[in-house]
Each structure stands twice: as C-alpha cells, then as structure tokens.
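The values are calculated or read from the model by the stated rules, or taken from the named source; none is laboratory data. What you see is a predicted model; the values in this text were computed from it and never measured. We place every Cβ from the backbone using ideal geometry, glycine too, and count neighbours over all the protein chains shown. With ligands, DNA and RNA removed, areas are computed over all heavy atoms of the protein, side chains included. Shrake-Rupley method; radii C 1.70, N 1.55, O 1.52, S 1.80 Å.
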Amino acid sequence: MVVCGDDGLAHRLAAELRGVYGAQVTLVVPAGARSARPPVVGRARAASAALLDRMNAAVGRAAGNGTVLGALGTTGSGGEPGRADRVLEAAEPTDAVLAEAGVERATALALVYDDDETNIRAALTARRLNPRLRLVLRLYNRRLGQHIEDLLDQAAALASGDDSGSLGDASTTVLSDADTAAPALVATAVAGTRKVVQTDGLLLRAVERPPPAPGVVADPGLCTLALLSATSSDPAGADGSEGSGERGPQLLPDEAEVAAAAGRGAVVLEQVSYAAGPPLPAGRTGVVPPFASLFSRRLRWSLAGLVGCVLALAVALWLVTGIHPLGAFYLTLLDLFAIDEPALGEPLGRQILQLLSGLVGLLLLPVLLAAVLEALGTFRTASTLRKPPRGLGGHVVLLGLGKIGTRVLTRLRELRIPVVCVEADADARGLATARRLRVPVVLGDVTQEGVLEAAKIHRAHALLAVTSADTTNLEAVLYARSVRPDLRVLLRLYDDDFATAVYRTLRAAHPGALTRSRSVTHLAAPAFAGAMFGRQILGAIPVERRVLLVAAVEVDGHPQLEGRSVAEAFRAGAWRVLALEGQQQPSPDQVLRAGDRVVLAATRRGLAELLGHHRIPPDPT
C-alpha cells in the first residue's frame with residue numbers, strides 16, 4: 001500500500017492501514033512532515049494551554065477543591081496505533097517518486113493531497129505505471145471526480161485488454177473527506193443526538209439516547225449499535241476514543257453487554273429503509289433572485305392594498321355610471337394617472353370617484369419608487385455578502401468556510417437551517433457558496449472582540465467551529481460560552497489528547513450544555529482505508545471520538561456471512577448485518593446466500609477481519 005499526502009489525513013490513513021489492517025505501507029510526504037502535523041503547535045499550543053489553565057482554575061475554584069480536570073496532551077499524532085513501514089520525503093508525487101515508492105508493485109495507492117490538481121496528475125501517472133493498481137483519490141470537486149473516475153477506469157480497462165467492464169482490483173474510487181465528515185458534523189451540532197446515513201436510496205437512522213431513569217425501560221429500537229462511555233454522564237468525563245479502555249464506548253455489543261450496561265447511554269438503530277422520502281432540497285443556484293425576494297413583505301402588502309383599491313374604484317364606477325366593466329376599469333386607470341379629462345358636468349358619484357382615483361394615484365407614486373429602489377438593491381446585493389438581519393435567532397453560527405465549512409454550510413441549507421458564517425479570509429472558497437445561497441457572512445477574525453457578537457451568538461442555537469486551527473476553534477468556543485453558557489458547541493479538533501482535555505474542561509465548566517469534539521481525519525480515514533481494499537463505505541456513524549462504519553459487502557466469498565442467518569452472522573464488537581440490498585430490516589432467521597449484497601455496521605477492526613486482512617484476538621471468556 002502506498003499513501004501520498006501533505007496533511008494529517010495521510011498520516012491518519014497510514015496508521016489505519018498499518019494498525020488496523022496490518023498492511024505494509026509506504027508513506028510519501030513533503031520534506032519535514034515525517035510525523036503527523038498537528039494543528040496545535042508552538043506558540044498556538046502554548047496559547048491553548050493558557051486558555052485551558054484559566055478554565056481549569058475557574059472550575060477548580062467553583063468546586064472548592066482545586067482539582068485539575070483536564071491535562072493538555074503533548075502527542076501530535078493523537079495516539080494513533082501503527083506507523084508506516086517506510087517514509088519518503090518528496091515535494092510532489094512525480095514519476096520518479098512514485099516509482100521509488102513501489103507503485104509498480106503496489107496493490108493500492110491513496111492520493112490524499114489537499115490540492116485536487118496534484119492528486120489528478122499523480123493518479124494519471126500511477127495508472128500509466130501500473131494499470132492494475134487500485135486508486136483512491138481525494139477530490140473536493142464532486143463532478144470532476146466522477147469524470148476522473150470514469151477516465152481512469154477506462155484507461156485501466158484498455159491497458160489490460162479487458163472489454164467486459166470488470167476491472168477487478170484496478171478500480172478507481174474518488175472520495176472527499178469533506179463529504180464524509182459534513183453530515184456527522186451537522187447532525188452532532190444541530191440535532192445533537194441523531195445520526196443519519198443516506199446514500200443510493202438507503203436511509204439508516206440512529207439516535208443517541210441518554211441513560212434511562214431508574215425503573216424505566218428504554219426503547220431498544222431495532223438494535224443497539226453502541227454503548228456510550230461510562231463517563232458520558234460525568235461532567236468531568238472524557239469523550240471516549242480508541243484509548244479509553246473498558247470505560248470507553250462499546251461498539252456493536254451483544255445482548256448480555258447491553259443488559260449489563262446499567263446507567264450508560266446508547267446509540268440505537270431506529271430505521272432502515274430504501275428510497276425513503278423525497279431527496280433533500282438543493283440550494284438555489286443562479287444570480288437572479290426569485291420574485292418574492294425582490295421586495296420586502298411590507299412593500300408587497302402595500303402594493304396588494306393599492307391594487308385592491310383600484311379594483312374597488314373600478315367596480316364602484318361601473319355601478320354608478322352603468323358603463324361596461326372594462327370601460328370602467330380603463331377610466332379608473334386614466335383618473336389614477338391624471339390622464340383623463342376632469343369630470344365637469346358629470347354626476348356627483350363620478351366626480352367623487354375621480355377624486356378618489358387621483359388620491360390613490362398620489363399614494364401609488366412613492367410605493368412604485370420604493371419598489372424600484374428595493375429591486376435595484378436586491379440585484380446589487382445578490383453578488384455581495386449579506387449581513388445578519390435584525391432579530392435573527394435560533395440559527396447556527398458556522399466558523400470557517402474552507403473545504404469542510406463549505407460542505408457543512410451546504411448541508412445546513414439543504415436542511416433549511418438558518419446559518420450565519422464567520423470567516424477571516426476574504427478569499428475563502430466558501431464565500432462564493434454563501435453568496436449563492438444568500439447566507440449572511442461576518443468577515444473578521446473570530447479572536448477579535450465584536451465578531452461573534454455581529455453573528456448574533458447570544459441568540460444562536462449552536463456554534464460549529466470547523467476551522468483547521470484547533471486553537472482558533474477553542475478560543476471561539478470559550479468566548480461563545482462566556483456569552484451563552486448553555487450554547488450547544490461542536491469543535492473540530494485533530495489531536496486526541498488535546499480534544500480530551502478540552503472536552504473534560506468544557507463539560508466540567510458547563511455540565512448542562514452539549515459539547516462535542518470531532519476530528520475530520522478520524523471520520524474520513526476509515527472510509528479511505530476501506531476503499532483501498534475495494535470495499536464500499538456508505539458512511540460513518542461517530543460514537544463520541546470513535547467511528548462505526550456502514551459498508552456494503554458481497555456475501556459470496558465470506559464464510560462468516562454465507563449460509564448463515566442474520567442472527568448467526570452477528571459478531572459482537574465486529575459487525576452486524578443491518579439490511580439486504582433493496583430490502584428493509586431483515587428477520588433474524590433470514591439466511592444469507594451467495595449473490596446477496598448486505599449492508600452492515602462494522603468496527604474498523606471488524607471490517608478488516610471480514611476482509612481477511614486482520615484477525616481479532618478471541619474473547620478469553
């Protein structure tokens with residue numbers, strides 16, 4: 001296996017392949033990036049430590065015991081198991097570099113550079129060097145990714161002389177860490193407890209349930225996917241990760257473990273369905289706003305009132321004079337615009353109606369002028385950034401409009417959730433998306449006073465801090481919590497030890513508020529690793545700081561599944577069959593046969609064992 005990249009995803013993926021699948025990995029990184037590059041380094045780490053120290057001191061004084069509730073970790077790799085067998089330093093993945101990395105002999109190559117062009121250029125080179133190579137590319141542009149995937153698969157088929165369309169191992173998979181992580185980030189921050197995987201007509205919905213009250217029997221749902229950590233109800237407890245041990249979250253427990261887990265929350269599967277409901281509404285495209293957005297509500301009501309007055313005057317003229325209704329309407333318009341002759345010698349009713357029509361005409365002029373000015377202003381601001389409107393509340397404040405932030409923004413708008421974005425870079429890629437979706441944006445450094453206030457943080461529902469800098473996310477959350485102690489927050493944090501310290505401290509200081517930390521590389525690396533072994537990863541369900549994978553697997557060739565019933569195929573702590581392709585929740589006694597394609601939930605090591613690349617030690621009990 002060869003992994004090429006220039007950020008934390010490359011290191012996390014290499015550790016995943018080596019530690020979980022037991023694969024031999026060659027890691028190609030730029031010079032000086034042999035170890036995982038944590039976003040918290042040097043002066044930034046010292047600043048984070050100072051922020052946490054102040055928070056710990058405040059919590060300790062409030063508790064009256066001075067106990068330090070969180071310690072800042074010093075590892076930059078987040079405690080990842082496994083390392084690459086070989087590390088090459090190269091600025092770019094050129095022909096010579098890929099050849100030195102052994103691409104000609106490798107079974108799979110992952111190109112996870114942050115730049116799409118670099119990944120595409122390296123993929124074309126690698127396909128030429130080894131037509132039978134399985135390629136996994138990280139591309140942000142989804143439409144381009146589909147074209148590149150088809151192009152590379154066609155090149156592999158031509159080079160191998162296979163016209164049947166079956167490429168075997170020489171497949172190409174295009175993934176995006178932003179697309180993988182965005183649904184989990186949105187669900188965690190907005191719903192707080194709901195986890196949804198939706199792809200190819202399949203809908204899986206799970207819910208995170210708190211520990212039941214004494215004497216209360218919790219709804220078991222369809223099945224229990226995970227038990228939350230034993231410290232999840234402790235304000236000073238950690239957000240369970242891979243190194244949490246027995247007190248950490250348990251993935252795919254059996255019935256005995258569920259029954260014995262008194263006082264622990266759980267992630268329960270609620271629904272499995274295909275083609276469930278209409279697709280989520282897409283964001284509006286184009287620069288021309290809809291007609292309803294051209295004018296304010298007050299102006300629209302004013303125009304409607306004037307139109308009603310004109311119609312009423314026309315009807316009155318018809319009744320008074322007895323002329324044809326169209327003629328009455330025409331004369332009313334002439335009177336309205338002061339075009340008709342004075343009604344001298346006409347009946348009194350006609351003269352009164354002419355005066356009233358002239359008065360309505362005077363009222364119409366300022367309304368028409370206001371309509372023109374509003375329309376011009378709307379067209380002018382359609383290409384500029386909007387400001388948060390007055391009285392806005394119950395919205396989500398999104399900090400950061402990079403690759404991850406842009407995908408999160410799109411997902412929030414698909415769910416019709418009001419958003420206010422905060423971005424320090426005036427050239428950020430997400431500003432164009434915010435402008436197209438007409439989302440308010442506050443330009444400024446979140447660490448400066450007044451920026452979060454401009455985003456109406458005091459009336460917000462949640463804060464999503466998803467910049468690439470851990471310290472920026474932490475400082476924004478600490479300041480937001482000082483304004484709104486009960487604010488729901490989600491931080492994007494790379495370093496596991498750092499995330500544990502932050503989580504414990506924030507939970508201890510604000511036990512009644514929802515706090516979550518997530519790592520994009522933690523969410524994305526298992527999907528990339530599964531793709532390198534030719535498995536389709538449909539999604540990832542975050543369980544605190546661990547990940548439960550949802551994968552599609554062919555039953556044929558897997559003795560752990562073939563010929564077994566759904567209940568017999570269940571392996572506690574490893575995998576559980578959730579659905580058969582095209583079917584709803586299968587019955588426990590339904591037999592899995594060759595040719596079936598199942599959707600299963602699996603742990604990272606469980607999926608590796610199912611693929612035959614890793615063996616889980618037998619349970620000593």
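Before moving on, here are some points about what is shown:
- Taking a sphere under 9 Å around the Cβ of Gly221 and counting the other residues whose Cβ falls inside, with K and R at +1 and D and E at -1, yields a net charge of -1.
- The simple Förster model, with R0 at 22 Å and r as the Cβ-Cβ distance, assigns Leu144 and Glu92 a FRET efficiency of 0.65.
- Here the label points at Glu104 and Asp556, each 7 Å from Cα along the C-beta direction, are separated by 3.5 nm in the simple model.
- Residues in segment 142-156 carry Karplus couplings, in order, of 5, 5, 4, x, 5, 5, 5, 4, 5, 5, 5, 5, 5, 5, 5 Hz; the curve used is 6.51 cos²θ - 1.76 cosθ + 1.60 with θ = phi - 60°, and Gly or Pro positions show x.
- FRET efficiency, Leu334 to Leu363 (Cβ-Cβ, R0 25 Å, nearest 0.05): 0.90
- Remark: relative contact order (segment 413-505) = 22 percent; criterion is Cα-Cα distance under 8 angstrom and separation of 6 or more residues.
- In nm, spacing of pseudo-spin labels at Gln271 and Leu326 (7 Å Cα→C-beta vector): 5.4
- For Arg488, nonlocal amide neighbours, meaning residues 5 or more places apart or on other chains whose placed amide H falls under 5 Å from its own, are Leu463.
- Ligands, DNA and RNA left out, the 1.4 Å accessible surface of segment 85-133 is 50% carbon and sulfur atoms.
- Using a simple spin-label model with pseudo-atoms 7 Å out from Cα toward Cβ, Leu158 and Leu203 lie 4.3 nm apart.
- For the pair Ser482 and Gln590, the difference between a 0.36 nm per residue extended length and the Cα-Cα distance amounts to 33.4 nm.
- Solvent exposure of segment 460-549, expressed per residue, is 23 Å² of accessible area, with all protein chains present and a 1.4 angstrom probe.
- Phi angles across segment 203-212 convert, under the Karplus curve 6.51 cos²θ - 1.76 cosθ + 1.60 with θ = phi - 60°, into 3J(HN,Hα) values of 10, 10, 10, 10, 9, 8, 10, x, x, x Hz, Gly and Pro given as x.
- Calculated from backbone phi, Karplus (6.51, -1.76, 1.60) coupling profile of segment 479-494 in Hz, x at Gly/Pro: 5, 5, 5, 5, 7, 10, x, 9, 5, 6, 10, 9, 10, 8, 10, 8
- Note on segment 459-524 and segment 418-447: Cα centroid distance 20 Å, given to the nearest whole angstrom.
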